[in-house]
1. Tell me the accessible surface of Trp223 in square angstrom (1.4 angstrom probe, heavy atoms of protein chains only), to the nearest ten.
2. Would you mind checking the radius of gyration and Dmax of the chain based on alpha-carbon positions, in Å?
3. To the nearest 10 square angstrom, what accessible area does Thr176 show with a 1.4 Å probe?
4. Mind putting a number on the dipole of the chain about its Cα centre? Charges go on the C-beta only, +1 for Lys and Arg and -1 for Asp and Glu, and I need it in Debye to the nearest 20.
5. Find, to one decimal place in angstroms, the Kirkwood hydrodynamic radius of segment 17-68, where the mean of 1/r is taken over every pair of different Cα atoms and then inverted.
6. Remind me, what semi-axes does segment 78-192 give for its equivalent ellipsoid, largest first in whole Å, using sqrt of 5 times each Cα gyration tensor eigenvalue?
7. Nearest 10 degrees, 0 to 90: what angle lies between the long axis of helix 2-12 and the longest principal axis of the chain (Cα atoms)?
8. Roughly speaking, what is the centre-to-centre gap between segment 69-91 and segment 272-289 when only Cα atoms are used, to the nearest Å?
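The values are calculated or read from the model by the stated rules, or taken from the named source; none is laboratory data. These numbers were taken from a predicted model, which means no experiment stands behind them. Glycine gets a Cβ as well: all are built from the backbone with ideal geometry, and neighbour counts include every protein chain shown. These area figures cover heavy atoms from the full protein model, side chains too; ligands, DNA and RNA do not enter into them. Shrake-Rupley method; radii C 1.70, N 1.55, O 1.52, S 1.80 Å.
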Amino acid sequence: MKPIIKQSNKKAAFTIVELLTVMSIIVILIGLLVPSLNMAKRYAKKVKQMAQFHSIEAAIELFSNEFDGYPDSREVDPTGQPYCGAMKLCEAMMGQDLIGFHPDSAFRSDGMDGFGRDLYPPNPSQDNLRARKDPYVQLESAKASKLEGLYANTRGFDPTNYVLCDVYDRATHRITGKRVGMPILYYKADTSKDWHDPSAPDSPGNIYNYRDNHELVSLGMPWDPPPTGPMPKLFADPQATPAEPEGKRFYWNTKNDEIDTASRPYRADSYILISAGFDGEFGTSDDICNFDWKYRETLP
Ligand SMILES: [Ca+2]
């Protein structure tokens, strides 16, 4: 009987070769699964970003119905202070203090109405609060952040002004330590214009103006060392690269190819939203927009 017992023991154990075979199969499976899991994760984030854009779009339409037009997006306020498209979008949706937009706003970076009245005082009175609109976007999905939470050096911008942030949470908030996304860029179409000229970024006939968020993009990525010295001239807009003229890529990547009789942008009668996407850098192929983003590797 003894030899039989010995034999059955031998059968129950794995040989080194069997173990190695199983382990290498597992390693191969992990190697195959991890990239597809990462891809699924990135796709899920993209869907989440699109959902955030949809909620902002619905909110902008509500704003437009109430105020007979989309929020302004020019890079300065009426007094000439830097106050760009991304910041004006946040004010329109949430108010400068996130408790509601004041209908008397002139979209000034200091929150004043131009007649000496502070529309967003630190301790608003009941009258002030009653005059406000409820935030158009829920605070939780708005993901608003003060500029000083994102950037060490906000240059000419008031560091206490808010922007809406994307869902990618690439940066660490400088004050709370929580994860925070990059600002969502907002450009309003100037419907009195009728052109979209990639070869002439500064043409006064262009429907969109890349300068609306020019200086904000030039702050760079919060996790990189802050840019020093004068503003880099060729890193001026979401789509510029050092090899290309200032502003050119923005216009190529927002140009609507379905129209071939004239040069027209996507959403020529409304507005554009841009998220920096997974890599946190504006103007790269993974950017998410509220239109069909066609990233062109090379420009004509
Ligand atoms: Ca990007």
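1. 90 Å²
2. That works out to 25.5, 105 Å for Rg and Dmax.
3. Roll a 1.4 Å probe over it and Thr176 shows about 90 Å².
4. In debye, rounded to 20, the chain gives about 2120.
5. Roughly 14.5 Å, rounded to one decimal.
6. 23, 17, 15
7. Long axis of 2-12 versus the principal axis of the chain: about 20 degrees.
8. Each part reduced to its Cα centre gives a spacing of 20 Å.
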